[in-house]
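Before any comments, here is the structure.
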Amino acid sequence: MEASNSFVVVANRLPVDMTVHPDGSYSISPSPGGLVTGLSPVLEQHRGCWVGWPGTVDVAPEPFRTDTGVLLHPVKLTSSDFEGFYEGFSNATLWPLFHDLIVQPVYNTDWWQAFREVNLKFAEAVAQVSAPNATVWVQDYQLLLVPGILRQLRPDLKIGFFLHIPFPSPDLFRQLPWREEIVRGMLGADLVGFHLIQNAENFLALTKQVAGTAGSHTGQPDELEVHGTAKVRELGAYIRTPDARNVGVGAFPISIDVSAFGKASKSSVLNLLNDLGNPETTFLGVDRLDYTKGILQRLLAFEQLLEAGALDPEKAVLLQVATPSRERIDHYRVSRSQVEEAVGRINGRFGRMGHPVVHYLHRSLPKSELQILYSAADVMLVTPFKDGMNLVAKEYVANHRDGNGALVLSEFAGAAAELSGAYLCNPFDLESVKRQMVAAVYDLRQNPASARARMLANSEQVYSHDVNVWANSFLDCLKEAGENAKA
Ligand code: GDG
């Protein structure tokens, strides 16, 4: 029955959280995250199959169908797979390397072995569930080798690969000791997609350089050619591989399911604001607790504005939701303690009993509560040092279709390329973050027509480019790229 799947998504995680109870039984609940948010509507539309890790080590339930008709096919990972493949190579090697070395990547051969083995496991699971000539959509940096392995196991499949995080400049990528294997893994796909043209250009430049390097290492001639014909969306390019296939490369900026992010009810927003002491200005941050997201920077900017008297602690509050993430990795622990120390210090300096200036939650909230926060916030702060896209920015915008509110957004988030009405800042320069926070508040109070025009420009972009546009444009190009590959 399973091999009848003609549309398969493979991602590191299944869109569930699985808890194993002491008696061996388990419960499963939906899990948040950019990828899940992006893909659920597409899968539901296609009644597709999702291959992924269920989230607990050493156990995996049998494949099962969700209420919305998607077949979930779990891949079992051992605790040592998890450490080497996920915590190690994916999140302590690739994640910092692809985010421009905000922290130093660790290059460890054991982790690389685990990464190869686990990519093989995922590819074998996909090969098992995919119908002849099925379309397979491989997601993200944890599975960079899957397209190449699948191409060998199942040459009949049409394979797309999408990278959800930035693709770094070739000069940075070339640090990676296993760079040729990674590039060749990606080139197993018929279409490789990125959020931004810049990412795609980095990849194209790299394929030329790495192919050259591989040649000198192995004595093989450089057989990768880049074809710059404007075929695939935005940047259209094909790479000719040594096995004479054309691999499409293009930019497909991801977006959100706008219908899931409408305004919260007026009474729930008023209740929240009442609990907060009815502040004049409510700032909001919502992020996974990750050192790339610039959470500390925005806290410092807020602190300095209070210190300088540009914000009044009786009238301004900052709400920060920091969802727990990758907590066993050192840099994440450090990042958390820095954030929590700053929250304590700022409240110690500027709060009063029963009236903190920073309200901080270190947990995941239900989407309905997130919606209330988005609706209540006057100014959304999205200040990553580097971010593939950043869906939180788009969710806030979708929630403010009425033109209220303001978005302060890092110029290093992919979303900055689309949200022309945002107050763009440079998170490496605290003065710039402070300036844009002040500008946003000023416009909301003194220049409301301009603030409104900015938010309306943002929301027009998000409503006309939702997640369906993203998925459909990728899948349309994949169809075309696949046909091209056979030609
Ligand atoms: C990666 C790339 C790219 C957060 N806290 C809660 C919660 N969330 C949801 C948000 C949003 C998602 O998680 C986070 O998505 P982002 O895009 O902001 O960031 P990453 O997790 O780093 O995602 C990123 C994305 O992939 C997609 O390609 O944009 O650049 O790094 O949807 O709403 N959801 C709930 N409770 C929370 O507390 N329910």
How big is the convex hull of the Cα atoms of region 260-464, per residue, in Å³? 111
Percent antiparallel among DSSP beta bridges with both residues in the chain, to the nearest 5? 25
When we measure straight from the Cα of residue 76, which lysines land under 24 angstrom away, once same-chain ones fewer than 8 places off are left out? 121
Compute the long axis of helix 367-376 from its Cα atoms, compare it with the longest principal axis of the Cα atoms of the chain, and write down the angle in degrees, 0 to 90, nearest 10. 40
Length-normalised contact order of the chain in % [C-alpha pairs under 8 Å, at least 6 apart]: 13
Carbon and sulfur together cover what percent of the accessible area of the chain at a 1.4 Å probe radius? 50
What are the lysines whose alpha-carbon lies under 17 Å from the alpha-carbon of residue 158, with same-chain residues fewer than 8 places away excluded? 479, 486
Which pairs break 28 Å Cα to Cα here: 266/386; 394/434; 293/315; 208/386; 293/367? 266/386
Taking only protein heavy atoms and a 1.4 Å probe, the highest-to-lowest accessible-area order of 445, 352 is 352, 445
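Return the calculated 222 nm mean residue ellipticity for the chain, to the nearest 500 deg cm²/dmol, obtained by summing -39500 (n - 2.57) across DSSP H runs with n ≥ 4 and dividing by the residue count.
Result for the chain: -13000 deg cm²/dmol, rounded to the nearest 500.
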For region 224-374, alpha-carbon Rg over 2.2 N^0.38 Å: 1.48
With a 1.4 Å probe and every protein chain left in place, tell me how much accessible area residue 331 has, in Å² to the nearest 10. 80
Mean shadow area of region 54-114, taken as a quarter of the surface of its Cα convex hull (nm²): 5.4
Restricted to Cα positions, what overall size does region 347-487 have along the principal axes? Three whole-Å values, descending. 70, 36, 31
How tilted is helix 330-350 with respect to the longest principal axis of the chain? Cα atoms for both, answer in degrees (0 to 90, nearest 10). 10
Go through region 400-406 residue by residue and turn each phi into a ³J(HN,Hα) via Karplus (6.51, -1.76, 1.60, θ = phi - 60°); whole Hz please, and just put x for glycine and proline. 10, 5, 6, x, 7, x, 8
Antiparallel %, DSSP beta bridges [both residues in region 260-464], to 5: 5
For the chain, what's the radius of gyration and Dmax over Cα atoms, in angstrom? 22.9, 71
Taking θ as phi - 60°, what are the ³J(HN,Hα) couplings along region 249-262 by the Karplus curve (6.51, -1.76, 1.60), each to the nearest whole Hz, with x for Gly and Pro? 10, x, 10, 9, x, 6, 9, 10, 7, 4, 5, 8, 10, x
Degrees between helix 34-46 axis and first principal axis of the chain (Cα, 0 to 90, nearest 10): 60
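Determine, for each peptide in 248-254, 339-345, the mean count of other beta carbons within 10 angstrom over its residues, then list the peptides with the highest first.
248-254, 339-345
The values are calculated or read from the model by the stated rules, or taken from the named source; none is laboratory data. Owing to the predicted nature of the structure, the values given are computational and were not obtained by experimental measurement. We place every Cβ from the backbone using ideal geometry, glycine too, and count neighbours over all the protein chains shown. All accessible areas refer to the heavy atoms of the entire protein, side chains included, with ligands and DNA or RNA removed. Shrake-Rupley method; radii C 1.70, N 1.55, O 1.52, S 1.80 Å.
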